[in-house]
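One structure below.
The values are calculated or read from the model by the stated rules, or taken from the named source; none is laboratory data. Keep in mind that what you see is a predicted model, and the values were worked out from it rather than measured. Positions of Cβ are generated from backbone atoms using ideal geometry, with glycine treated the same way; all protein chains shown enter the neighbour counts. Just so you know, the surface numbers come from the protein's heavy atoms only, side chains and all, with ligands and any DNA or RNA stripped out. Shrake-Rupley method; radii C 1.70, N 1.55, O 1.52, S 1.80 Å.
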Amino acid sequence: MKIRQCLRDLAPYIPGRLKAGAIKLASNENPLGPSPKAMEALRECVAGVCLYPDNTCMGLREALAARHGLGPGNIVAGSGSDEIMMLAAAAYVNPGDTAVTARETFSNYTFVTRLFGGEMKYAPLGNGFFDLEALAGLVDSRTRLVFLCNPNNPTGTCFTQGGLEDFLRKMPPETLVVSDEAYADFVDAPGFPDSVSLLAKHPNLLVMRTFSKLYGLAGLRVGYGIAREELAGDLLRAKISFSVNLPALAAARAALEDRDFVEKSLAVNREGKAYLYGEFDRLGLAYYPTQANFICVDTGRDSGDMERRIMELGVTVRPLASFGLPTSLRVTIGTREQNRIFIACLEKALSE
Ligand SMILES: Cc1ncc(COP(=O)(O)O)c(C=O)c1O
């Protein structure tokens, strides 16, 4: 058999490392675990898994639509937001088309583009931020997709409503702008885009959110896209039936109503962020102020080397060499205890 050329050239995704017994701060998951209400819903739904789930995901889509002030026709649920970006590429990328994103960002944008024979063009970040002007400069008549990551993984930086509006104005109607807002729930800086409000004016906008981060459901794989109905319909044409499983649907609906868990998770994130900033300052390490649940810190040493040392000491973090940041690590903001252990490991690794 001859594997397709675009797959042969494609580097596999490198997930955050799991190590038995180690604290995992490598994949920006919720350190408090899953929402308790989601856990309850999971227990209740188990007996029903002999049946296929609702292929339309209607209950979840209605709940999400109500939350965003839209109709269920504007929501596409997927097996993680990873599936939503895959659907965007499946729907719009033909071999030879291009997509555009930042050089130092989430690698899946490149994967989905190349999977369908497209080519990715990159603009470097400017000071850790998406350089929207440089990205717009890469867009031409062959560009089908632009992936914006806001807040950006791995720097945790954001662009504003004004920045997004300007950018959208420059886009040709045949170019879809995907605003990946996987970490939007954690943002506390003013000016973060209300992207949903821009859908009325921009039929070529797709917003993505996930249950993997704030809601603690990464292992269940639920994410969603928000778009105008016509665009949502295009994505659905490429979707595999039943891709969002029955427990995932039940847990996501319950998690959405778990205000206590959400508040607690945000408070833990705020406190952990302040603690880690203080410790990085004490250690003289540069970092990007973050709007997410992780921090990108520059240790000044080889990132793979530092990751291995810290892992041997009991904590997994993400080395950022593959993101184009060879001396930086991305660490998920953990619980108070996890953050203290991480800092002790980091300090020891730096002193070796
Ligand atoms: C920016 C960004 N988008 C999307 C995802 C994927 O999220 P999901 O678990 O919903 O597929 C991640 C996961 O780490 C991410 O960092």
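Some points to look at:
- Yes/no for VAL139 being within 16 Å of the chain's Cα centre (by Cα) and either surrounded by fewer than 24 Cβ atoms within 10 Å (Cβ to Cβ) or within 16 Å of the ligand (Cβ to nearest atom) (or both): no
- Selected residue (criterion: surrounded by the fewest Cβ atoms within 10 Å (Cβ to Cβ)) from residues of the range 63-79 that are within 16 Å of the ligand (Cβ to nearest atom) and over 23 Å from THR175 (Cα atoms): SER79
- Unique residue being assigned by TED's automatic domain parsing to the domain that holds SER322 and not aromatic (Phe, Trp, Tyr) when the list is ALA66, ALA90, ALA20, ALA41: ALA20
- The range 95-108 residues that are more than 17 Å from ASN150 (Cβ to Cβ), paired with ones that are within 15 Å of the ligand (Cβ to nearest atom) and open to solvent by less than 40 Å² (accessible area, probe 1.4 Å) (beta carbon under 9 Å, 6 or more apart): ASP97/THR113; ASP97/LEU145; THR98/THR113; THR98/LEU145
- Set THR160, THR143, THR105, THR110: member being under 17 Å from LYS213 (Cβ atoms) and among the polar types (S, T, N, Q): THR105
- Of residues in the range 239-266 being outside any loop (DSSP other than H, G, I, E, B) and among the acidic types (Asp, Glu), the one most open to solvent (accessible area, probe 1.4 Å): ASP260
- Residue ID - surrounded by the most Cβ atoms within 10 Å (Cβ to Cβ), chosen from residues in the range 12-62 that are aliphatic (A, V, I, L, M) and part of a loop (DSSP other than H, G, I, E, B): LEU25
- Checking LEU283 against (1) open to solvent by less than 30 Å² (accessible area, probe 1.4 Å); (2) in contact (Cβ under 8 Å) with a residue 40 or more places away in the chain, the condition it does not meet: (1)
- Flag for LEU320 being out of contact with any strand residue (DSSP E or B) (no Cβ under 7 Å at 6 or more places or on another chain), buried (at least 21 other Cβ atoms within 10 Å of the Cβ) and modelled with pLDDT of 95 or more: no
- Failed criterion for LEU236 (all others in (1) open to solvent by less than 30 Å² (accessible area, probe 1.4 Å); (2) in a helix (DSSP H, G or I) hold): (1)
- Applying the set (1) within 26 Å of ALA123 (Cβ to Cβ); (2) more than 16 Å from the ligand (Cβ to nearest atom) to PRO53 leaves exactly one unmet item: (1).
- Failed item, numbered, when GLY324 is tested on (1) more than 22 Å from PRO124 (Cα to Cα); (2) under 19 Å from the mean Cα position of the chain (by Cα): (1)
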